[in-house]
Amino acid sequence: MHPDDDTPPPRPRWLGWALIAFGLLVALGMLNLGVRMVLSAKPAQAEAPQQPTSTAPVAGVAEVPQTSSLAGQALVQASDCLRCHGMDRRYVGPSFRQIAARYQDRPEAAAYLARKIREGSVGEWGRTVMPRHPQVTEVQAQAIALWVLGLPIAEGGKAASQ
């Protein structure tokens, strides 16, 4: 470029096409992610009727569909429950097996535990506060409660849970 020349040299044409192609690839990638997020957000209940449903006996509940038990386990693993509750060991709150041992004889245990999951509690297991979980729907809380009640009781039975 000459110092007296006011016009810059023309840009190569391929650069413009490369920028357009890059923009299209980014837009298609974002669209792909959006579609995948929407499709994966289907509720677990929509898939449940397709699976074979067998029943497992749970104390206090006549029959529990096995699929809701699996849904409860999946909900526990996907949520923050495992930060405070262990399967066999007490962390911040009691273990899931201790909860199952304490509430196995109550007739309305599933509804009671589902309410405790959604509303939180304090004083049931000492001074530790269990925070409320309003983001968990009633159906999800019921599935979690049924899963907990379906667990085998901790060694030592009720004595270990008190």
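Can you work out ³J(HN,Hα) from phi for every residue in the range 135-152, in order, using Karplus 6.51 cos²θ - 1.76 cosθ + 1.60 and θ = phi - 60°, giving whole Hz and x for Gly and Pro?
Values per residue, Gly and Pro as x: 6, 7, 6, 5, 5, 5, 4, 5, 5, 5, 4, 5, 5, 4, 5, x, 6, x Hz.
According to a simple spin-label model (label point 7 Å from Cα along Cα-to-Cβ), what is the distance in nm between C84 and V38?
3.6
What full-extension length gain, to one decimal in nm, is calculated for R132 and E108 as 0.36 nm per residue of separation minus the Cα-Cα distance?
The span from R132 to E108 would gain 6.7 nm if fully extended.
Just so you know, all these numbers are worked out from the coordinates, no wet-lab data involved. Everything numeric in this text was worked out from a predicted model, so none of it was measured. Note that each Cβ is placed from the backbone with ideal geometry, even for glycine, and that neighbours are counted across all protein chains shown.
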